[in-house]
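J.: Structure in structure tokens, see below.
The values are calculated or read from the model by the stated rules, or taken from the named source; none is laboratory data. Just so it is clear, the structure is predicted and the values come from calculations on it, not from any experiment. Glycine gets a Cβ as well: all are built from the backbone with ideal geometry, and neighbour counts include every protein chain shown.
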Amino acid sequence: MTDKPTPETLRAGEVALELPDRFDAGLYFIGRIETPWATREECPRRGDPEDGPDCRLIVDERFAAALAGIESRDELLVLYFMDEARRDLAIQNPRHRGHAIGTFALRSPVRPNPVAASRVRLLSHSRNVLVVRGLDCRSGTPLVDIKPEFAPAARNCDEAE
């Protein structure tokens, strides 16, 4: 976790909150992500699954068997932990907005639980490595989970509910 905020680390209109003294749950990082970006500042604001650079999900060997069948999926939902993010802001003032807004109304990495989700295109799978396109995180980011992404089923409005 990061250090407590000081007035110098808050932008105009931002509000920091007191975090609980302990966590409610635990999780296992299942691997690491390799991207072209070494720092948070270099990362794009949002990944592009069509034209973005190829990135790699390196799944720990102990979890490699869980990738069986994943090559049949075109799109995945990748969950990752933004381990360098602050966790204490309730109100943020993003540079691109120009006004303060609540953390849960933003995709900012600054949040109580800095878990991010990106929809990515699966390009290839080899043993414990997935090559994907569409991420927006720095290289070395901890990988939390991988889920198949399913398009919502078309719904006939004339069907009885």
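J.: Considering only segment 109-121, state which residues are surrounded by 18 or more Cβ atoms within 10 Å (Cβ to Cβ) and of a type outside the set (A, V, I, L, M, F, W, C).
T.: Pro109, Arg111, Ser118, Arg121
J.: Next question. What number of residues in segment 27-45 are hydroxyl-bearing (Ser, Thr, Tyr) and without any contact (Cβ under 8 Å) to a residue 40 or more places away in the chain?
T.: 1
J.: Here is a further query. Are any of the residues in segment 120-135 modelled with pLDDT of 95 or more, at negative phi, of a type outside the set (Val, Ile, Thr) and not in a strand (DSSP E or B)?
T.: Scanning segment 120-135, I find at least one residue that is modelled with pLDDT of 95 or more, at negative phi, of a type outside the set (Val, Ile, Thr) and not in a strand (DSSP E or B), so the answer is yes.
J.: Okay, moving on. Does Arg133 meet the test of being surrounded by 13 or more Cβ atoms within 10 Å (Cβ to Cβ), within 30 Å of Ala16 (Cα to Cα), under 15 Å from the mean Cα position of the chain (by Cα) and in contact (Cβ under 8 Å) with a residue 24 or more places away in the chain?
T.: Details: surrounded by 13 or more Cβ atoms within 10 Å (Cβ to Cβ): yes; within 30 Å of Ala16 (Cα to Cα): no; under 15 Å from the mean Cα position of the chain (by Cα): yes; in contact (Cβ under 8 Å) with a residue 24 or more places away in the chain: yes.
No, not satisfied.
J.: Are any residues in segment 73-109 of a type outside the set (A, V, I, L, M), touching a strand residue (DSSP E or B) at 6+ places or on another chain (Cβ under 9 Å) and under 23 Å from Thr35 (Cα atoms), and if so, which ones?
T.: Matches in segment 73-109: Arg73, Asp74, Glu75, Tyr80, Phe81, Asp83, Arg86, Arg107, Ser108, Pro109.
J.: Another one. Looking only at residues in segment 36-93 that are in contact with a helix residue (DSSP H, G or I) (Cβ under 7 Å, 6 or more places away or on another chain) and crowded, with 18+ Cβ neighbours inside 10 Å, which one is modelled with the highest pLDDT?
T.: Looking at residues that are in contact with a helix residue (DSSP H, G or I) (Cβ under 7 Å, 6 or more places away or on another chain) and crowded, with 18+ Cβ neighbours inside 10 Å, I get Val59.
J.: In addition: Exactly one of these conditions fails for Val110: (1) in a loop (DSSP other than H, G, I, E, B); (2) touching a residue at least 40 places away in the same chain (Cβ under 8 Å). Give me its number.
T.: (2)
J.: So, in segment 18-33, exactly how many residues are surrounded by 12 or more Cβ atoms within 10 Å (Cβ to Cβ) and at pLDDT below 90?
T.: The qualifying residues number 1.
J.: Determine which member of the set Arg95, Arg86, Arg73, Arg111 is of a type in the set (D, E, K, R) and within 18 Å of Gly31 (Cβ to Cβ).
T.: It is Arg73.
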